[in-house]
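The values are calculated or read from the model by the stated rules, or taken from the named source; none is laboratory data. These numbers were taken from a predicted model, which means no experiment stands behind them. Cβ: placed from backbone, ideal geometry, glycine included. Neighbour counts: every protein chain shown.
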């Protein structure tokens, strides 16, 4: 059996080849993709994020850990993205806000939301309000998800929310925020419709918000 504790350590240490191999072995053993992702990788990256926050790790180590996680995620992505096409829980547009180039957490939310039945459009990093608005119109978004890792960029979320609120064609869209420096208090302060501390919680938040929208539309 795959040892998730050891796998977490390999993610933390940035051992991409070993993480990839262990991911393949876990799948061969019949373990589920979501379980492998959660127990084998996310748990390890959570420690990386915490140690980075408290200056126990620095950018080079974080990048190595991220590369290791991406190696495993590349194996899991087709399985996580596979879904029943008869299930449609609405459309989510995701992006890391302007000035911020961090996307690991956001990409994880995208994959998990897709596997849950949402149609997800990932705008990548450094996304300004015009990109968010254009994508919302093009894809007929139900939910906008914004991510930030830096305290210097989290303030941009408020601008996006205010611009959507001021646009009569977009003000109905639910606005969600997340990322390491974001809290429920901050989300409330800037007028967000929802906050999630991790990928699993984000998907549940999207489901709740979409359910509310369907009820009001009925």
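Observations on the structure shown:
- Given (1) in a helix (DSSP H, G or I); (2) under 29 Å from residue 143 (Cβ atoms), number of the condition residue 88 does not satisfy: (1)
- All positions within segment 1-15 that are in a helix (DSSP H, G or I) and buried (at least 19 other Cβ atoms within 10 Å of the Cβ): 4, 7, 8, 10, 11, 12
- Filter result (touching a strand residue (DSSP E or B) at 6+ places or on another chain (Cβ under 9 Å) and closer than 15 Å to residue 93 by Cα) within segment 200-218: 202, 203, 205, 206, 209, 210
- Residue 191 modelled with pLDDT of 95 or more and at positive phi: yes
- Taking every residue in segment 68-88 that is surrounded by fewer than 18 Cβ atoms within 10 Å (Cβ to Cβ) and pairing it with any residue that is at pLDDT below 85 and not in a helix (DSSP H, G or I), at least 6 positions away or on another chain, the pairs with Cβ-Cβ distances below 8 Å are 83/117; 84/117; 87/117; 88/117.
- If you go through segment 17-60 and keep only what is surrounded by 17 or more Cβ atoms within 10 Å (Cβ to Cβ), part of a loop (DSSP other than H, G, I, E, B) and touching a residue at least 12 places away in the same chain (Cβ under 8 Å), you end up with just 31.
- Of the set (1) more than 19 Å from the chain's Cα centre (by Cα); (2) assigned to a helix (DSSP H, G or I), all apply to residue 68 but (1).
- In segment 83-92, the qualifying residues are those that are modelled with pLDDT under 90 and touching a helix residue (DSSP H, G or I) at 6+ places or on another chain (Cβ under 7 Å), and the one that is farthest from residue 154 (Cα to Cα) is 83.
- In the set 132, 164, 206, only one residue is in the same structural domain as residue 104 (by TED's automatic domain parsing), more than 20 Å from the chain's Cα centre (by Cα) and buried (at least 20 other Cβ atoms within 10 Å of the Cβ); that residue is 164.
- Check on residue 177, in contact (Cβ under 8 Å) with a residue 24 or more places away in the chain, buried (at least 22 other Cβ atoms within 10 Å of the Cβ), in the same structural domain as residue 111 (by TED's automatic domain parsing) and more than 16 Å from the chain's Cα centre (by Cα): no
- Any chance residue 95 is at pLDDT 95 or above, out of contact with any strand residue (DSSP E or B) (no Cβ under 7 Å at 6 or more places or on another chain) and either buried (at least 16 other Cβ atoms within 10 Å of the Cβ) or in a helix (DSSP H, G or I) (or both): no
- When 137, 182, 143, 190 are screened for being free of Cβ contacts under 8 Å to residues at least 40 places away in the same chain and crowded, with 22+ Cβ neighbours inside 10 Å, only 182 passes.
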